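This report concerns only the one structure given below.
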Amino acid sequence: MPRGDTRTLPIAVPLDTWESGSHLYFTVKPADDVDDAVTDSTAVVEKTLSDSDITSTDATNKNYLLTLVPADTNTVTPGVYRAEIEFVNAAATNVITYPDPHVALWFFEITGDVGRRTA
């Protein structure tokens, strides 16, 4: 995505996983500098979704909409990063990482931009 743009990402959590009070944590870090620090000190983008961010419920999922606004990426150096979403239930006893890093890696590219107009 171009640095400083707005993007939305739909996220679906299966009803058999979801519970009230759960959170989704979206994190973007440099692809070559993924750490396991509890503070996520190398993250360039972090967003948290909670029950108030649920946009709908269907027969199988609770649906969220993650929105990245210009302020989320305005100061990020263009490059290729790794991203993930962690689902954490209210008691923090169930943590699920999407995508499963043993199955796939989610690369997230932030590109430079020609214009930086906001008005």
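All of the numbers you see were taken from the coordinates with simple rules; none came from a lab. Just so it is clear, the model here is predicted, and its values are computed rather than measured. Cβ coordinates were reconstructed from backbone atoms using ideal geometry, including for glycine residues, and neighbour counts include every protein chain displayed.
Of all the options P101, P70, P14, the one that moves most in a Gaussian network model of the chain with Cα springs shorter than 10 angstrom is P101. GNM remark for the chain: springs join alpha carbons under 10 Å apart, and the peak mean-square fluctuation among A59, A43, A104 falls on A59.
Measuring max minus min along each principal axis, the C-alpha atoms of segment 7-110 give extents of 39, 27, 24 Å (largest first).
With both labels modelled 7 Å from their Cα along Cα-to-Cβ, the L9 to T75 distance reads 2.1 nm. Computed over neighbours whose Cβ is under 13 Å from that of D51, the net charge equals -1, Lys and Arg +1, Asp and Glu -1. Its DSSP H runs of at least 4 residues, each contributing -39,500 (n - 2.57), put the calculated 222 nm mean residue ellipticity of the chain at -500 deg cm²/dmol, to the nearest 500.
How big, in percent, is the set of alpha carbon pairs in segment 1-67 lying more than 18 Å apart? Across segment 1-67, Cα pairs with separations above 18 Å total 48 percent. Our coupling estimate for segment 108-114, obtained by passing each phi through the Karplus curve with A = 6.51, B = -1.76, C = 1.60 and θ = phi - 60°, is 10, 9, 10, 9, x, 9, 7 Hz, Gly and Pro reported as x. Counting every other Cβ atom within 10 Å of each residue's Cβ, I54, I85 order from fewest to most as I54, I85. When each of L9, L49 is scored by the number of other beta-carbon atoms lying within 10 Å, the sequence from fewest to most is L9, L49. About the centre of its Cα atoms, the chain shows a dipole size close to 500 debye [charges on the beta carbon of Lys, Arg (+1) and Asp, Glu (-1) only; nearest 20 debye].
Please identify, among T73, T60, T97, the residue showing maximal mean-square fluctuation in a Gaussian network model of the chain using a 10 angstrom Cα cutoff. Evaluated over the chain, the most mobile residue of the options is T60.
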